[in-house]
Amino acid sequence: MEESGFRGYFQVALERELRSSVAVTISSLVFAFAHFAHGIFWPKLLVYFLVGIAFGATAYLTNSTLPAILPHMIGDLTFFTLVWPNDAARRLVLDSGADSWFWIHVAQAIVFSVLAVWSFWRLATVCILEPSSGAKPA
């Protein structure tokens with residue numbers, strides 16, 4: 001969802017108005033700031049920014065978000081299996097039970113999953129009906 005949102009929609013919209021390097025930089029800054037929930041720790045935000053630059057440049061150069069999806073999934077999997085469980089500031093649901101933050105995140109996941117499916121369906125419909133509209137393929 002992040003690749004389609006940050007690189008597939010946001011960055012492409014910026015590229016229509018700005019130079020590609022500026023569009024990649026802005027989308028990467030927003031990508032980093034979107035991860036404030038992981039903690040406002042500047043080295044961590046710098047990593048998110050640099051990853052955003054790498055993924056944004058890849059999306060621009062390949063005209064596709066697909067090349068970044070697998071590395072993004074591996075990064076998320078690594079974070080959630082190796083880093084998150086060992087972070088003393090985070091309580092696991094298995095240890096502490098489902099609190100209100102857990103249910104808020106479940107609701108967010110459901111809402112954004114539905115929006116992602118709808119967005120991809122809309123994008124596919126537009127690309128199939130108007131292939132010459134200049135829409136960037138996924």
> Restricting attention to the stretch 115-138, and to residues there that are in contact with a helix residue (DSSP H, G or I) (Cβ under 7 Å, 6 or more places away or on another chain) and open to solvent by less than 50 Å² (accessible area, probe 1.4 Å), which single residue is modelled with the lowest pLDDT?
Replying inline: Ala135
> Which of the following residues is surrounded by 13 or more Cβ atoms within 10 Å (Cβ to Cβ), within 20 Å of His105 (Cα to Cα) and at pLDDT 90 or above: Ala32, Ala23?
Replying inline: Ala32
>> Which of the numbered conditions does Arg91 fail, given that it passes all the others? Conditions: (1) outside any loop (DSSP other than H, G, I, E, B); (2) without any contact (Cβ under 8 Å) to a residue 60 or more places away in the chain; (3) open to solvent by 50 Å² or more (accessible area, probe 1.4 Å).
In response: (1)
> Which ones in the stretch 54-81 are loosely packed, with under 11 Cβ neighbours inside 10 Å, closer than 18 Å to Ala37 by Cα and either touching a strand residue (DSSP E or B) at 6+ places or on another chain (Cβ under 9 Å) or not aromatic (Phe, Trp, Tyr) (or both)?
Replying inline: Leu77, Thr81
> Has the stretch 91-98 got any residue that is at pLDDT 90 or above and not acidic (Asp, Glu)?
Replying inline: no
> Within the bounds of the stretch 52-73, is there any residue that is part of a helix (DSSP H, G or I) and at pLDDT below 80?
Replying inline: no
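The values are calculated or read from the model by the stated rules, or taken from the named source; none is laboratory data. Keep in mind that what you see is a predicted model, and the values were worked out from it rather than measured. Here the Cβ is made from the backbone with ideal geometry for all residues, glycine too, and neighbour counts use every protein chain on show. When the accessible area is computed, the model is the full protein with side chains, heavy atoms only, and any ligands, DNA or RNA have been set aside. Shrake-Rupley method; radii C 1.70, N 1.55, O 1.52, S 1.80 Å.
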